[in-house]
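These notes are about the structure you will find just below.
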Amino acid sequence: MGRFLGKLSSDAFGVTVGEMKIGHFQIPNAPAADEDGILDGTALPATAGSVTTFLAQPPVPMNLTMVCSDTQTGKATVYGTNINDEPISEEFTLTSDTPVVGTKAFKSVSSIALPQKVGTETIDVGWGTSFGLPYCLTADELVVVKLFDNAADAGTVTVDADEVEKNVFALNGTANGEKNIDLYIIV
């Protein structure tokens with residue numbers, strides 16, 4: 001991937017190691033979760049269909065959430081892009097009025113396929129508390145320092161070596177749009 005610049009010598013004769021860097025990834029003014037920032041009280045269709053008009057887009061690449069107002073166990077699929085502007089999708093199995101939390105970080109949402117309504121239920125779609133990372137990582141330990149508002153944060157890093165949208169940082173603190181997240185990542 002072009003992240004390694006060369007070799008470094010070591011204290012062992014004839015043994016070299018790969019040179020690495022530490023990247024600083026900052027999410028300035030990390031946005032708060034918003035359970036209905038994309039769709040707010042949108043009626044489910046009489047027959048399965050899609051919506052393409054939204055209240056807003058995720059403010060930064062983030063995971064998505066969904067919740068219905070009443071009984072609904074159908075599937076909804078979100079289509080959009082990841083941090084690299086590559087197309088991605090994620091399927092959600094709705095569980096009535098219990099929020100469902102996605103695992104992929106969406107930079108944008110282009111359409112949402114909704115199931116047929118059961119009664120008069122509506123759906124809210126928003127963004128959660130996991131922030132997309134700009135690297136495909138092989139181990140969460142590669143994020144060596146996690147700061148929120150310049151203090152250590154015990155948040156969780158989820159990694160995937162192949163799909164960048166599955167590499168996310170779930171903040172332990174509560175983002176409010178006023179404090180920065182700073183991540184130091186071995187790359």
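Each value in this text was obtained by applying a stated rule to the coordinates, not by laboratory testing. Note that this is a predicted model, so its numbers are computed, not measured. Virtual Cβ from ideal backbone geometry, glycine too; neighbours counted across all protein chains shown.
So what is the relative contact order of the chain, in percent, for Cα pairs below 8 Å that sit 6 or more residues apart?
Answer for the chain is 28 percent.
For segment 129-145, just list the computed ³J(HN,Hα) in residue order, Karplus coefficients 6.51, -1.76 and 1.60, θ = phi - 60°, integers in Hz, with x standing in for Gly and Pro.
10, 9, 10, x, 9, x, 9, 8, 9, 9, 8, 5, 5, 5, 8, 8, 9
Taking the Cα-to-Cβ direction at Ile22 and at Ser111 and moving 7 Å from each Cα, how far apart do the two end points lie in nm?
Inter-label distance under the simple model: 4.6 nm.
Output the peptides 57-63, 98-104, 108-114 sorted from most to least packed, where packing is the average of other Cβ atoms within 10 Å over each peptide's residues.
On the way: 57-63: 21.3, 98-104: 15.9, 108-114: 18.6.
The peptides rank, most packed first, as 57-63, 108-114, 98-104.
Output the peptides 126-139, 149-162, 36-49 sorted from most to least packed, where packing is the average of other Cβ atoms within 10 Å over each peptide's residues.
Highest mean packing first, the order is 126-139, 36-49, 149-162.
Give, in nm to one decimal, the length gained when the segment between Val100 and Ser69 is fully stretched (0.36 nm per residue of separation minus the Cα-Cα distance). The partial results should precede the final answer.
Working: separation 31, 0.36 × 31 = 11.16 nm, distance 1.25 nm.
That works out to 9.9 nm of additional length.
How high is the FRET efficiency from Gln57 to Glu163, r the C-beta distance, R0 25 Å, rounded to 0.05?
Efficiency for this residue pair is about 0.80.
Tell me, what ³J(HN,Hα) does each residue in segment 20-37 have, in order and in whole Hz, if you take phi through Karplus 6.51 cos²θ - 1.76 cosθ + 1.60 with θ = phi - 60° and put x for Gly and Pro?
My calculation for segment 20-37 gives 10, 10, 10, x, 10, 10, 10, 10, x, 6, 3, x, 6, 4, 9, 5, 9, x Hz in order.
Need the full-extension length gain, Glu86 to Thr156, defined as separation in residues times 0.36 nm minus the C-alpha distance. One decimal, nm.
So the chain would gain 22.8 nm between Glu86 and Thr156.
Give me Rg over Rh for the chain, both radii from the alpha carbons and Rh done the Kirkwood way, two decimal places.
My calculation puts Rg/Rh at 1.09.
Sort 18-27, 168-177 for me by packing, meaning the mean count of neighbouring Cβ atoms within 10 Å per residue, highest on top.
Final packing ranking: 168-177, 18-27.
Output wanted: per-residue J couplings in Hz (rounded whole) for segment 66-74, from phi through Karplus 6.51 cos²θ - 1.76 cosθ + 1.60, θ = phi - 60°, x for Gly and Pro.
Running phi through 6.51 cos²θ - 1.76 cosθ + 1.60 with θ = phi - 60° gives 9, 7, 9, 7, 7, 4, 6, 10, x Hz.
With a point put 7 Å past each Cα toward its Cβ, work out how far Thr93 is from Val118 in nm, to one decimal.
Between Thr93 and Val118, the simple spin-label model gives 1.4 nm.
What is the distance in Å between the Cα centroid of segment 122-168 and that of segment 76-102?
Value for the Cα centre distance between the two parts: 16 Å.
Name the shape class, rounded, prolate or oblate, that the alpha-carbon gyration tensor gives for segment 34-130, where a ≥ b ≥ c are the square roots of its eigenvalues, rounded holds for a/c under 1.5, and otherwise prolate holds if a/b is larger than b/c and oblate otherwise. Before the final figure, lay out the partial values.
Details: a/c = 1.87, a/b = 1.62, b/c = 1.15.
Prolate, since a/c reaches 1.5 and a/b exceeds b/c.
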